[in-house]
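Here's the structure we're looking at; comments come further down.
The values are calculated or read from the model by the stated rules, or taken from the named source; none is laboratory data. The structure displayed is predicted, hence computed values, not measured ones. All Cβ positions, glycine included, derive from the backbone under ideal geometry; neighbour counts span all protein chains shown.
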Amino acid sequence: MRRVTTMMALLLFSGLLHAALKVTPLQDKLEHPWSLAFLPGEQGMLITERPGRLRLWQQDKGLSAPITGVPQVYAEGQGGLLEVLLAPDFADSRRIYLSFAEVGEDGKAGTAVGYGQLSIDRQRLENFTVIFRQQPKLSIGNHFGGKLAFDRQGYLFIALGENNQRPTAQDLDKLQGKVVRLTADGAVPPDNPFVGQVGKRPEIWSYGHRNPQGLALNPWSGVMWESEHGPRGGDEINIPQAGKNYGWPIATYGINYSGLAIPEAKGQKIAGTEQPLHYWRVSPGVSGMAFYDSPRFPAWQHSLFMGALAQNALIRLTLQGDNVIAEERLLEDRGERIREVRVGPDGDLYLLTDSSDGKLLRVGL
């Protein structure tokens, strides 16, 4: 009874917060924006557009011309320029990481990651170097993943889709449907779980993922969290651990878009696979996610915010440790696909909407 009362109080409080939300459009005319990263101080933010453009947005100047030096991307289907991420030592190195879809000689594509140095005038990305390529290249436009995040030890995590080739997520000789862990320069850490094992890619940290769309370091536990699209149903949140199997496609809470079962699925709970931390039987189409740890809005402390592409909403999950104890849908009345969620240095939320006329939104209380 006490838990029910607590849940009701949380939901009531959420409703009050919902009514008080303040949404400020900062920019429109963005073509399918995918990711953003805040530069230090008052330098503005970097925004990727999926067709292949990296832009600088500043409060007083608006949107820049495309930054030069960005790699050529495979801008087909769900592919293109994806994540932008600052190096932990950006103040010294000026290193910017990008993930993107890259085409191979046979016309199929995979996810690639590289870095370059942002010029002092912020108009160029210099000396861009690719440090990672998903192998083999199998995508004809689907399920690239591409989310990037650093942990507290400075390791780079890359979340990779299975290119809509379901069985590959279970194949340890392929990089489809995996979370990989590398050094900042792209080397394989010697304590990765499959290092030295024949027929297993040493880059792999965890496997059995479908199409990751969110990756973020939990600021309270220091552990990486990941979210991914299920098929029809079965979107989920995972805490990827070294060497663990997260099930796709043999274990899933979803079904095929046709309404039939996933051919390889053996059930929802399968021995040798990990259960998701949280899942949805009806897919919201989860996208970028961010933990809220700013002091600005105490009511949002210990929340995880996620975009919802299919259900046109901002999801707020209330956390208690690693447990989701309440869920709230925000901004549903706007009818916009929310692609990215970030917590700004000022404590506001910054969102990108996914359309040919995409927006940058600031959200607060």
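Could you check region 55-89 and list, in sequence order, the residues that are over 17 Å from the mean Cα position of the chain (by Cα) and closer than 22 Å to GLY214 by Cα?
ARG55, VAL73, TYR74, ALA75, GLU76, GLY77, PRO88
Does ARG334 fit the bill of being among the basic types (Lys, Arg) and under 28 Å from SER221 (Cβ atoms)?
Judged against the criteria, ARG334 is not a match.
I'm trying to understand the selection: among the residues of region 171-188, which are surrounded by fewer than 22 Cβ atoms within 10 Å (Cβ to Cβ) and within 21 Å of the chain's Cα centre (by Cα)?
Selection gives LEU182, THR183, ALA184, ASP185, GLY186.
Taking the options ALA65, ALA87, name whichever one is at pLDDT 95 or above and in contact with a helix residue (DSSP H, G or I) (Cβ under 6 Å, 6 or more places away or on another chain).
Checking each option against the conditions leaves just ALA87.
Kindly indicate which of ASP191, ASP106 is farther than 24 Å from ARG50 by Cα and surrounded by fewer than 22 Cβ atoms within 10 Å (Cβ to Cβ).
The conditions single out ASP191.
Within the set of pairs 6 or more residues apart or between chains, which connect a residue that is in contact (Cβ under 8 Å) with a residue 12 or more places away in the chain and buried (at least 24 other Cβ atoms within 10 Å of the Cβ) inside region 241-252 to a residue that is of a type in the set (Val, Ile, Thr) and part of a strand (DSSP E or B) with Cβ atoms less than 9 Å apart?
TYR246/VAL179
Is it true that LEU260 is at negative phi and either in contact (Cβ under 8 Å) with a residue 24 or more places away in the chain or of a type in the set (Gly, Ala, Ser) (or both)?
no
Based on what the data block shows, is PRO263 within 15 Å of ARG232 (Cα to Cα) and either modelled with pLDDT of 95 or more or in a loop (DSSP other than H, G, I, E, B) (or both)?
yes
Would you mind stating whether SER356 is surrounded by fewer than 20 Cβ atoms within 10 Å (Cβ to Cβ), under 21 Å from PRO51 (Cα atoms) and either touching a residue at least 12 places away in the same chain (Cβ under 8 Å) or of a type in the set (D, E, K, R) (or both)?
For SER356, the condition - surrounded by fewer than 20 Cβ atoms within 10 Å (Cβ to Cβ), under 21 Å from PRO51 (Cα atoms) and either touching a residue at least 12 places away in the same chain (Cβ under 8 Å) or of a type in the set (D, E, K, R) (or both) - is met.
Have a look at GLY230, GLY177 and point out the one that is among the small types (Gly, Ala, Ser), on the phi > 0 side of the Ramachandran plot and modelled with pLDDT of 95 or more.
On inspection, the qualifying residue turns out to be GLY177.
Every residue, every condition in (1) touching a strand residue (DSSP E or B) at 6+ places or on another chain (Cβ under 9 Å); (2) more than 16 Å from LYS22 (Cα to Cα), yes or no:
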{"position": "MET306", "(1), (2)": "yes, yes"}
{"position": "ARG316", "(1), (2)": "yes, no"}
{"position": "GLY321", "(1), (2)": "no, yes"}
{"position": "ARG329", "(1), (2)": "yes, no"}
{"position": "ARG337", "(1), (2)": "yes, yes"}
{"position": "GLY344", "(1), (2)": "yes, no"}
{"position": "GLY347", "(1), (2)": "yes, no"}
{"position": "ASP354", "(1), (2)": "yes, yes"}
{"position": "ASP357", "(1), (2)": "yes, yes"}
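Inspect all residues belonging to region 101-119 and state whether any of them is acidic (Asp, Glu) and under 17 Å from GLU226 (Cβ atoms).
The answer is no, given that none of the residues of region 101-119 is acidic (Asp, Glu) and under 17 Å from GLU226 (Cβ atoms).
Which residue, of GLN213, GLN241, is at pLDDT 95 or above, in a loop (DSSP other than H, G, I, E, B) and within 26 Å of MET306 (Cβ to Cβ)?
GLN241
Among the residues of region 120-156, write down those that are in a strand (DSSP E or B), among the polar types (S, T, N, Q) and over 22 Å from ALA187 (Cβ atoms).
Result: SER139, single match.
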